[in-house]
1. Using amide H atoms built in the peptide plane, which far-off residues or other-chain residues are under 5 Å from LEU143 H to H?
2. Going toward the positive end of the dipole of region 49-94, with +1 on Lys and Arg Cβ and -1 on Asp and Glu Cβ, which of VAL91, ALA62, SER81 do you reach last?
3. Pop out the ³J(HN,Hα) list for region 115-128 in order, Karplus 6.51 cos²θ - 1.76 cosθ + 1.60 with θ = phi - 60°, rounded to Hz; leave Gly and Pro as x.
4. For HIS130, tell me the accessible area in Å² from a 1.4 Å probe, rounded to the nearest 10.
5. Under a straight-distance cross-link criterion of Cα-Cα below 13 Å, which aspartates and glutamates are reachable from LYS150, leaving out those fewer than 8 residues away in the same chain?
6. Multiply the residue separation of ARG132 and ASP84 by 0.36 nm, subtract the distance between their alpha-carbon atoms, and state the gained length in nm to one decimal.
7. Compute from the Cα atoms of region 77-189 the Rg and the Dmax, the latter being the longest Cα-Cα distance, and quote both in angstrom.
8. How much length is gained if the chain between ILE106 and VAL154 is pulled fully straight, taking 0.36 nm per residue apart and subtracting their Cα-Cα distance, in nm to one decimal?
Amino acid sequence: MALEDVYRRNLHHRTHRAGWLRAAVLGANDGLVSTASLMIGVSAAKAGGVDAQAFLITAGAAGIAAGAMSMAVGEYVSVRSQNDIEESDRVLEMQHLAIDPDSELIELQHIYIERGLTPELAMQVAKAMHDRDPLEAHLRDELGQFPHTKARPVQAAMASAAAFTAGGLIPFVGAFAPTPGKAAATIVAFTIIGLTLTGILSAKTAGSKILAPTLRVIVGGCIGMAITAGIGQALHLSGI
(Lines give C-alpha, C1' and ligand atoms only; values in the text may rest on other atoms or scores of the structure.)
Protein backbone atom coordinates (compact mmCIF):
# COMPACT_ATOMS: atom_id res chain seq x y z
CA MET A 1 0.00 0.00 0.00
CA ALA A 2 1.36 3.43 -0.93
CA LEU A 3 2.08 5.95 1.83
CA GLU A 4 -0.55 8.30 0.42
CA ASP A 5 -3.15 5.54 0.82
CA VAL A 6 -2.08 5.06 4.44
CA TYR A 7 -2.53 8.78 5.09
CA ARG A 8 -6.00 8.70 3.55
CA ARG A 9 -6.89 5.68 5.66
CA ASN A 10 -5.74 7.52 8.79
CA LEU A 11 -8.37 10.17 8.15
CA HIS A 12 -10.91 7.66 9.53
CA HIS A 13 -9.36 8.03 13.00
CA ARG A 14 -11.56 10.04 15.34
CA THR A 15 -8.99 11.36 17.79
CA HIS A 16 -8.74 14.71 15.99
CA ARG A 17 -12.48 15.20 16.53
CA ALA A 18 -12.27 14.71 20.29
CA GLY A 19 -12.44 18.40 21.25
CA TRP A 20 -15.52 19.52 19.36
CA LEU A 21 -17.21 16.09 19.38
CA ARG A 22 -17.20 15.88 23.17
CA ALA A 23 -18.62 19.41 23.40
CA ALA A 24 -21.31 18.69 20.80
CA VAL A 25 -22.46 15.41 22.35
CA LEU A 26 -22.46 16.88 25.84
CA GLY A 27 -24.33 19.94 24.61
CA ALA A 28 -27.03 17.96 22.80
CA ASN A 29 -27.57 15.63 25.75
CA ASP A 30 -27.70 18.52 28.22
CA GLY A 31 -30.07 20.43 25.96
CA LEU A 32 -32.46 17.51 25.85
CA VAL A 33 -32.36 16.56 29.52
CA SER A 34 -32.16 19.99 31.14
CA THR A 35 -34.84 21.58 28.95
CA ALA A 36 -37.16 18.60 29.30
CA SER A 37 -36.57 18.41 33.05
CA LEU A 38 -37.21 22.12 33.46
CA MET A 39 -40.45 22.03 31.48
CA ILE A 40 -41.70 18.85 33.14
CA GLY A 41 -40.93 20.29 36.56
CA VAL A 42 -42.83 23.47 35.70
CA SER A 43 -45.69 21.44 34.26
CA ALA A 44 -45.91 19.33 37.40
CA ALA A 45 -45.90 22.40 39.63
CA LYS A 46 -48.49 24.44 37.67
CA ALA A 47 -52.20 23.86 37.20
CA GLY A 48 -53.56 23.25 33.70
CA GLY A 49 -54.92 25.94 31.39
CA VAL A 50 -53.88 28.34 28.68
CA ASP A 51 -51.82 30.49 31.07
CA ALA A 52 -49.99 27.42 32.29
CA GLN A 53 -49.12 26.42 28.74
CA ALA A 54 -47.84 29.92 27.96
CA PHE A 55 -45.76 29.85 31.12
CA LEU A 56 -44.41 26.44 30.15
CA ILE A 57 -43.37 27.68 26.68
CA THR A 58 -41.73 30.76 28.19
CA ALA A 59 -39.83 28.65 30.71
CA GLY A 60 -38.65 26.30 27.95
CA ALA A 61 -37.44 29.14 25.70
CA ALA A 62 -35.64 30.83 28.60
CA GLY A 63 -34.07 27.52 29.60
CA ILE A 64 -32.75 26.90 26.09
CA ALA A 65 -31.26 30.39 25.82
CA ALA A 66 -29.70 30.34 29.27
CA GLY A 67 -28.42 26.79 28.89
CA ALA A 68 -26.86 27.41 25.49
CA MET A 69 -24.99 30.47 26.75
CA SER A 70 -23.92 28.64 29.90
CA MET A 71 -22.63 25.69 27.90
CA ALA A 72 -20.77 27.95 25.48
CA VAL A 73 -19.08 29.97 28.21
CA GLY A 74 -18.32 26.85 30.24
CA GLU A 75 -16.71 25.08 27.29
CA TYR A 76 -14.71 28.14 26.30
CA VAL A 77 -13.36 28.71 29.80
CA SER A 78 -12.66 24.99 30.31
CA VAL A 79 -10.77 24.58 27.04
CA ARG A 80 -8.85 27.81 27.51
CA SER A 81 -7.81 26.65 30.97
CA GLN A 82 -6.60 23.34 29.55
CA ASN A 83 -4.68 25.18 26.84
CA ASP A 84 -3.14 27.48 29.45
CA ILE A 85 -1.95 24.43 31.40
CA GLU A 86 -0.40 22.96 28.28
CA GLU A 87 1.31 26.26 27.47
CA SER A 88 2.66 26.44 31.02
CA ASP A 89 4.06 22.93 30.65
CA ARG A 90 5.60 23.95 27.34
CA VAL A 91 7.44 26.88 28.93
CA LEU A 92 8.58 24.71 31.83
CA GLU A 93 9.90 22.05 29.47
CA MET A 94 11.83 24.70 27.53
CA GLN A 95 13.47 25.76 30.78
CA HIS A 96 14.38 22.16 31.64
CA LEU A 97 15.97 21.66 28.23
CA ALA A 98 17.94 24.89 28.57
CA ILE A 99 19.18 24.09 32.08
CA ASP A 100 19.93 20.36 31.81
CA PRO A 101 19.65 18.96 28.26
CA ASP A 102 21.67 15.81 29.09
CA SER A 103 19.26 14.68 31.80
CA GLU A 104 16.32 15.43 29.53
CA LEU A 105 17.93 13.23 26.86
CA ILE A 106 18.26 10.36 29.35
CA GLU A 107 14.65 10.89 30.42
CA LEU A 108 13.53 10.57 26.81
CA GLN A 109 15.64 7.42 26.42
CA HIS A 110 13.88 5.80 29.40
CA ILE A 111 10.49 6.68 27.93
CA TYR A 112 11.42 4.76 24.78
CA ILE A 113 12.83 1.87 26.82
CA GLU A 114 9.50 1.57 28.63
CA ARG A 115 7.85 1.35 25.22
CA GLY A 116 9.90 -1.69 24.28
CA LEU A 117 13.13 -0.45 22.73
CA THR A 118 16.54 -1.66 23.83
CA PRO A 119 18.65 0.89 25.76
CA GLU A 120 21.00 1.32 22.80
CA LEU A 121 18.22 1.83 20.26
CA ALA A 122 16.29 4.03 22.68
CA MET A 123 19.32 6.31 23.03
CA GLN A 124 19.73 6.47 19.24
CA VAL A 125 16.10 7.46 18.84
CA ALA A 126 16.29 9.98 21.70
CA LYS A 127 19.37 11.60 20.17
CA ALA A 128 17.71 11.74 16.76
CA MET A 129 14.66 13.39 18.31
CA HIS A 130 16.82 15.88 20.20
CA ASP A 131 18.77 16.72 17.07
CA ARG A 132 15.54 17.40 15.20
CA ASP A 133 13.39 19.19 17.82
CA PRO A 134 13.89 18.32 21.51
CA LEU A 135 10.94 20.41 22.70
CA GLU A 136 8.51 18.73 20.30
CA ALA A 137 9.81 15.30 21.32
CA HIS A 138 9.27 15.95 25.05
CA LEU A 139 5.89 17.58 24.59
CA ARG A 140 4.73 14.61 22.55
CA ASP A 141 6.39 11.63 24.24
CA GLU A 142 6.69 12.89 27.82
CA LEU A 143 3.61 15.07 28.25
CA GLY A 144 1.30 13.62 25.58
CA GLN A 145 0.66 16.90 23.78
CA PHE A 146 -0.29 16.52 20.11
CA PRO A 147 -1.23 19.39 17.80
CA HIS A 148 -4.05 17.43 16.13
CA THR A 149 -5.79 16.71 19.46
CA LYS A 150 -5.52 20.23 20.82
CA ALA A 151 -9.00 21.59 21.54
CA ARG A 152 -10.02 24.98 20.15
CA PRO A 153 -11.96 27.15 22.63
CA VAL A 154 -14.17 29.00 20.13
CA GLN A 155 -14.93 25.83 18.16
CA ALA A 156 -15.84 23.94 21.33
CA ALA A 157 -18.02 26.80 22.58
CA MET A 158 -19.91 27.12 19.29
CA ALA A 159 -20.39 23.35 18.97
CA SER A 160 -21.66 23.11 22.54
CA ALA A 161 -24.10 26.04 22.24
CA ALA A 162 -25.45 24.89 18.88
CA ALA A 163 -25.85 21.31 20.07
CA PHE A 164 -27.57 22.42 23.29
CA THR A 165 -30.02 24.54 21.32
CA ALA A 166 -30.76 21.71 18.87
CA GLY A 167 -31.27 19.27 21.72
CA GLY A 168 -33.41 21.69 23.71
CA LEU A 169 -35.75 22.37 20.80
CA ILE A 170 -36.85 18.71 20.71
CA PRO A 171 -38.66 18.67 24.09
CA PHE A 172 -39.65 22.31 23.57
CA VAL A 173 -41.92 21.22 20.70
CA GLY A 174 -43.84 19.09 23.19
CA ALA A 175 -45.08 22.22 24.94
CA PHE A 176 -47.28 22.92 21.92
CA ALA A 177 -49.38 19.79 22.51
CA PRO A 178 -53.01 20.36 21.40
CA THR A 179 -54.26 19.46 24.88
CA PRO A 180 -52.46 21.50 27.57
CA GLY A 181 -52.85 18.74 30.14
CA LYS A 182 -50.94 16.33 27.87
CA ALA A 183 -47.91 18.59 27.45
CA ALA A 184 -45.78 16.75 30.01
CA ALA A 185 -46.39 13.38 28.36
CA THR A 186 -45.62 14.83 24.93
CA ILE A 187 -42.40 16.39 26.23
CA VAL A 188 -41.32 13.06 27.68
CA ALA A 189 -42.07 11.24 24.43
CA PHE A 190 -40.22 13.78 22.30
CA THR A 191 -37.28 13.75 24.71
CA ILE A 192 -36.94 9.96 24.66
CA ILE A 193 -36.92 10.05 20.85
CA GLY A 194 -34.28 12.79 20.96
CA LEU A 195 -32.16 10.89 23.48
CA THR A 196 -32.33 7.80 21.28
CA LEU A 197 -31.19 9.74 18.23
CA THR A 198 -28.43 11.47 20.21
CA GLY A 199 -27.17 8.16 21.58
CA ILE A 200 -27.11 6.55 18.14
CA LEU A 201 -25.47 9.56 16.49
CA SER A 202 -22.77 9.92 19.14
CA ALA A 203 -22.03 6.18 19.05
CA LYS A 204 -21.73 6.17 15.27
CA THR A 205 -19.57 9.28 15.24
CA ALA A 206 -17.28 7.82 17.91
CA GLY A 207 -17.17 4.47 16.10
CA SER A 208 -18.48 2.47 19.08
CA LYS A 209 -21.31 -0.03 19.42
CA ILE A 210 -24.76 1.53 19.40
CA LEU A 211 -26.86 -0.32 21.99
CA ALA A 212 -25.02 0.23 25.28
CA PRO A 213 -24.20 3.96 24.81
CA THR A 214 -27.72 4.69 23.62
CA LEU A 215 -29.29 2.92 26.58
CA ARG A 216 -27.05 4.86 28.97
CA VAL A 217 -28.18 8.14 27.43
CA ILE A 218 -31.87 7.19 27.57
CA VAL A 219 -31.80 5.85 31.13
CA GLY A 220 -29.82 8.82 32.44
CA GLY A 221 -32.18 11.28 30.79
CA CYS A 222 -35.27 9.52 32.11
CA ILE A 223 -33.89 9.52 35.65
CA GLY A 224 -33.25 13.26 35.41
CA MET A 225 -36.76 13.94 34.15
CA ALA A 226 -38.33 11.72 36.83
CA ILE A 227 -36.49 13.44 39.66
CA THR A 228 -37.39 16.90 38.39
CA ALA A 229 -41.05 15.92 37.90
CA GLY A 230 -41.13 14.61 41.45
CA ILE A 231 -39.73 17.87 42.80
CA GLY A 232 -42.22 19.90 40.75
CA GLN A 233 -45.12 17.78 41.95
CA ALA A 234 -43.99 18.10 45.57
CA LEU A 235 -43.87 21.89 45.24
CA HIS A 236 -47.33 21.91 43.68
CA LEU A 237 -48.80 19.81 46.46
CA SER A 238 -47.13 21.96 49.09
CA GLY A 239 -48.67 25.08 47.58
CA ILE A 240 -45.34 26.81 46.88
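1. none
2. ALA62
3. 3J(HN,Hα) across region 115-128, in whole Hz: 8, x, 7, 6, x, 5, 5, 4, 5, 4, 5, 4, 5, 4.
4. For HIS130, solvent-accessible area is about 30 Å².
5. ASP84, GLU86, GLU87
6. 14.7 nm
7. Spelled out, the Cα radius of gyration and Dmax of region 77-189 are 24.9, 77 Å.
8. Full-extension gain reported as 13.4 nm.
The values are calculated or read from the model by the stated rules, or taken from the named source; none is laboratory data. For clarity, every value in this text was computed on a predicted model and none was experimentally measured. Backbone-built Cβ (ideal geometry, glycine too); neighbour counts: all protein chains shown. Protein only, heavy atoms only, side chains kept; ligands, DNA and RNA dropped before computing areas. Shrake-Rupley method; radii C 1.70, N 1.55, O 1.52, S 1.80 Å.
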